[in-house]
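Here the structure comes first, spelled out in structure tokens, and everything after it is commentary.
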């Protein structure tokens, strides 16, 4: 059975990005902004469509300049 790709998977593939590069950059930005970073496992779950990004995950640190 063939599994459909998520939009995120297609986007990553089209850009030729690697998961470790994405997560590494996300962690760099999170450290710079002083917010919690994303784990590789959580990112993989997002990419595969097993979980969704929740507003709570973002609103606790958004906007980053309003500290």
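Among the residues making up region 13-41, those that are in contact with a helix residue (DSSP H, G or I) (Cβ under 7 Å, 6 or more places away or on another chain) and under 17 Å from residue 51 (Cα atoms) are 19, 23, 37, 38, 40. Of all residue pairs spaced 6 or more apart or on separate chains, those with beta-carbon atoms under 9 Å, a first member in region 33-52 that is on the phi > 0 side of the Ramachandran plot and a second member that is surrounded by 13 or more Cβ atoms within 10 Å (Cβ to Cβ) and assigned to a helix (DSSP H, G or I) are 49/8; 49/9. Filtering region 1-32 to residues that are modelled with pLDDT of 85 or more, outside any helix (DSSP H, G or I) and surrounded by fewer than 12 Cβ atoms within 10 Å (Cβ to Cβ) leaves 16, 18.
Of everything listed in (1) at pLDDT below 80; (2) not in a helix (DSSP H, G or I), the single unmet condition for residue 35 is (1).
The values are calculated or read from the model by the stated rules, or taken from the named source; none is laboratory data. This is a predicted model, so every value here is computed, not measured. Neighbour counts run over all protein chains shown; Cβ positions are idealised from the backbone, glycine included.
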